[in-house]
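Chemist: The structure's right below; bear with me while I get my questions together.
The values are calculated or read from the model by the stated rules, or taken from the named source; none is laboratory data. Computed from a predicted structure; not experimentally measured. Cβ placement follows ideal geometry from the backbone for every residue including glycine, while neighbour counts extend to all protein chains displayed. Quick note on the areas: whole protein, heavy atoms, side chains included, nothing else; ligands and nucleic acids left out. Shrake-Rupley method; radii C 1.70, N 1.55, O 1.52, S 1.80 Å.
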Amino acid sequence: MFNIYRIAAVSPDLHPADTCFNVSVMTDAYAQAVKNHASLVLFPALAVTGKSCGILFQQPFLLDSAKAEAEKFAAATGNVPAVFGLPLLTGGKLLECAAVAQNGRIAGLVVRKTPELPFFTGIVPENSGFYPAGKVFDDGNLAFSVNFAGDMPEFPAAQLQLFCGAEASVPGKWKKNERFFRAISDQISGVTAAAFAGSGESTGDMVYGGGIIICDRGKTAAVRPAPAAGAGVIYADIDLDKINHAQMRLPLSPAVDRVQLSAIPQAPDFRYLYNPQNPFLPETPEETAKFCQETLELQITGLGERLLRCGAKKMVLGISGGLDSTLALVVLALLCRRYALEPATVLAVTMPGFGTTGRTKSNAVKLAELFGVEVREISITDACMQHFSDIGHDPAKVNSVYENSQARERTQILMDIANQENGIVIGTGDLSEIALGWSTFNGDQMAMYAVNSSIPKSCIAPVLRYAATLLDGSGKILQDVIDTPVSPELLPLDENGELTQKTEDILGAYELHDFYLYHFVNGVSAPDKLFALAQNAFAGKYPDCELQRVKELFIKRFFTQQFKRTAAPDGVQAGIISLSARTDWPMNADISGMLWRK
């Protein structure tokens, strides 16, 4: 399908030393997970016997039963691998093992190197066929290693790191576990999954928490925190394309021998996949506020350092009352506050033209005056009419010449004022416009330093709402800016003075373009998979024909407009993606992109 795998982590209701019962509930849990299209099922450490058997681990009768029941469980497996813990006696040594079972047999046994319980050893007998912890199992596409929670793990090259666990639950322990598994998944740019024993274990001296967790590249994809009562199962769908893309950037891992498995089935849908409509934003309001704060801090820091190093006395900004120039103005106001600069260090220039509305112009000027910056108004109408005459263009033809001449006239004004004032021109173009090339080459595409170049359009409104909490009296104006339709305002207004040019009527919703951009840059570029992900995320919001139209337009413009990114000015990376041709996206401008457009 789409290289999506569904991971199931199970904490079953185990009874200490009752191997028949334990394997029965494990078999039922495995069957239910397979019915739910799991690709792999993870169980806790010592799941066959339970961990709280005490001195009974010295009884050969229990150990023989555990081995027989483990083989019985393995016999019930199909092509979906099951990973589960059991004790094994071999060569007179008692080992805590994790078995990987698939297609009716145990494909491999991994030994814990530092057992917590007495009687067990971590020394693997020579030529025993056992593997050390961290061993990789691979079907040729999905690779996973098997570890034990509580040990210092090894992290060989694999997309998925599994942990079998069974430990006492004490206050604060689970939070530490969650932070650990999230951090490891972030470190390896992959997935960690852990299952801990819980319900049914003896509570004579401790409570086994029964926590289960799956983390995907630094985020918790699914979790049942400890302590938890009863049996439990969680699912998470993982996107192998994104993981493979992210792991390509990691240092090469040393080659390791792998245990070959049969093909592991993929998930048939995206039911447990974290697939939000705005993947650029965090999940919770608290995290979003922190994200907005850090975004502004990075924008301010980047521009502040550039201003100090070039010795400029003014920051020259074209203001239109749109989202982008408003965000840039907010950044400049906050920068003046941080560096104790006079607000008049900012020179805001409004340049009304043929399509400027009273609403946008009013918002731009009111906000600039609120911040105390210097404001100038320079109409471009006469200059553009003279230019049309000079080049022989009929102003009745409202084509690209008509539109781009206005954008270039505005940029020329800003550049020349910057020369007059010993200043620099601050670019306002955002990541979404840069991705689509929705700018005029050598017009608004150009500046001396860009502050919004890594901020997607769909994130600007949340950042402005957060900024309203920092800038007294700005909330009402900023909200009206957010509510104003996005437009370059380059075409004449209608008879009522209203916009005739709305960007999203032409391109489609920016949230769709941002959705496609996020996944494309993160390794999901197959057109059919992009479309399927959009169907899943925006079900009921947009018809399939619109999802398809926007996807095709995004792909076409993303490739054909690379030349504008190649010649783009310096800009601070304040977002999670950059399309700078100098650093993160060094793609040649003559790449055809036809492979993606077929």
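Chemist: Ranking request for peptides 186-192, 270-276: highest mean number of other beta-carbon atoms within 10 Å first, then the rest in descending order. Could the numbers behind the result be given before it?
Modeler: Values: 186-192: 21.9, 270-276: 17.1.
Result, highest mean first: 186-192, 270-276.
Chemist: Could you give the length gained on full extension between Ala340 and Gln420, defined as 0.36 nm per residue of separation minus the Cα-Cα distance, in nm?
Modeler: Answer, rounded to one decimal: 26.5 nm.
Chemist: Could you run the Karplus curve 6.51 cos²θ - 1.76 cosθ + 1.60 with θ = phi - 60° over the range 557-571 and give me ³J(HN,Hα) per residue in whole Hz, x for Gly and Pro?
Modeler: Karplus-based 3J(HN,Hα) across the range 557-571 equals 6, 4, 7, 6, 9, 4, 4, 6, 6, 4, 9, 6, x, 4, x Hz.
Chemist: Rg and Dmax of the chain over Cα atoms: what are they, in angstrom?
Modeler: 29.9, 100
Chemist: Once you list every other residue whose beta carbon is under 11 Å from the beta carbon of Gly200, what net charge do they have if Lys and Arg are +1 and Asp and Glu are -1? Don't skip to the end; give the middle numbers.
Modeler: On the way: positive: Lys51; negative: Asp13, Asp18, Glu201.
Around Gly200, the charge tally is -2.
Chemist: Output wanted: per-residue J couplings in Hz (rounded whole) for the range 92-108, from phi through Karplus 6.51 cos²θ - 1.76 cosθ + 1.60, θ = phi - 60°, x for Gly and Pro.
Modeler: Once rounded to whole Hz, the list reads x, 10, 9, 10, 8, 10, 10, 9, 10, 10, 7, 6, x, 9, 8, 7, x.
Chemist: A follow-up question, please. For Met206, list long-range residues whose amide hydrogen, built 1.01 Å from N in the peptide plane, is under 5 Å from its own amide hydrogen.
Modeler: Residues meeting the amide H criterion: none.
Chemist: Taking only DSSP H segments of four or more residues, each worth -39500 (n - 2.57), what value at 222 nm results for the chain once the sum is divided by all its residues, to the nearest 500 deg cm²/dmol?
Modeler: The helix-only estimate for the chain comes to -12000 deg cm²/dmol at 222 nm.
Chemist: Turning to a different aspect of this structure: All other residues with a Cβ under 14 Å from the Cβ of Ser145 taken together, and with Lys, Arg as +1 and Asp, Glu as -1, what is their net charge?
Modeler: With Lys, Arg at +1 and Asp, Glu at -1, the neighbours total -1.
Chemist: So how many Å³ per residue does the convex hull of the Cα atoms of the range 399-446 work out to?
Modeler: 59
Chemist: Also: For the full complex of protein chains and a 1.4 angstrom probe, list Ile506, Ile184, Ile378 by accessible area with the highest value first.
Modeler: Ile506, Ile378, Ile184
Chemist: Now a separate question. Taking the inverse of the average 1/r across all pairs of different Cα atoms in the range 250-333, what Kirkwood radius in Å do you get?
Modeler: When all Cα pairs of the range 250-333 are included, the Kirkwood radius is 18.3 Å.
Chemist: Once you have a ≥ b ≥ c as the square roots of the Cα gyration tensor eigenvalues for the range 121-168, tell me rounded if a/c is under 1.5, and otherwise prolate or oblate according to whether a/b is larger than b/c.
Modeler: Taking the square roots of the gyration eigenvalues as a ≥ b ≥ c, the range 121-168 is oblate.
Chemist: Can you list residues from other chains, or at least 5 along the same chain, whose modelled amide H is less than 5 Å from the amide H of Asn147?
Modeler: Amide H neighbours of Asn147: Gly134, Leu162, Phe163, Cys164.
Chemist: Quick one: grab the alpha carbon gyration tensor of the range 170-300, order the square roots of its eigenvalues as a ≥ b ≥ c, and give me rounded if a/c is under 1.5, else prolate or oblate depending on whether a/b is larger than b/c.
Modeler: Oblate is the answer for the range 170-300, as a/c is 1.5 or above yet b/c matches or exceeds a/b.
Chemist: Sticking with this one: Rounded, prolate or oblate, given the Cα gyration tensor of the range 98-181, with a/c below 1.5 counting as rounded?
Modeler: Judged from the Cα gyration tensor, the range 98-181 comes out oblate (a/c at least 1.5, b/c at or above a/b).
Chemist: Quickly rank 5-15, 402-412, 173-183 as a protection proxy: mean count of other C-beta atoms within 10 Å, highest first.
Modeler: Numbers: 5-15: 25.9, 402-412: 20.5, 173-183: 16.7.
Descending mean neighbour count gives 5-15, 402-412, 173-183.
Chemist: Of Lys476/Lys551; Lys67/Lys242; Lys313/Lys564, which pairs sit farther than 32 Å apart, going by alpha carbon to alpha carbon?
Modeler: As for pairs spanning more than 32 Å Cα to Cα, those are Lys476/Lys551; Lys67/Lys242.
Chemist: What accessible area per residue, rounded to a whole number of Å², is obtained for the chain using a probe radius of 1.4 Å?
Modeler: 42
Chemist: Carbon and sulfur atoms: what percent of the 1.4 Å accessible area of the chain do they account for?
Modeler: The nonpolar share, carbon plus sulfur, comes to 53 percent.
Chemist: Now for a different question. Rg to Rh ratio, the range 461-581, alpha-carbon atoms and Kirkwood radius?
Modeler: Reported Rg/Rh, Kirkwood definition of Rh: 1.01.
Chemist: Collect residues whose amide H, placed 1.01 Å from N in the peptide plane, falls under 5 Å from the amide H of Ala45; neighbours closer than 5 in sequence don't count.
Modeler: Gly165, Ala166, Ala197
Chemist: Here is a further query. Quick one: if you stick a label point 7 Å off each Cα along the C-beta vector at Phe21 and Lys397, how many nm between them?
Modeler: For the pair Phe21/Lys397, the computed spacing is 8.7 nm.
Chemist: Excluding Gly575 itself, what net charge comes from residues whose Cβ is under 12 Å from its Cβ, given Lys and Arg +1 and Asp and Glu -1?
Modeler: Working: positive: Lys457; negative: Glu294, Asp430, Asp514, Asp584.
Residues near Gly575 contribute -3 overall.
Chemist: To continue, here is another question. Rounded to whole Å and ordered largest first, report the semi-axes of the equivalent ellipsoid of the range 460-529 derived from its Cα gyration tensor (root of 5λ).
Modeler: Its equivalent ellipsoid spans semi-axes of 28, 23, 7 Å.
Chemist: Tell me the accessible surface of Ser199 in square angstrom (1.4 angstrom probe, heavy atoms of protein chains only), to the nearest ten.
Modeler: Accessible surface of Ser199 is approximately 30 Å².
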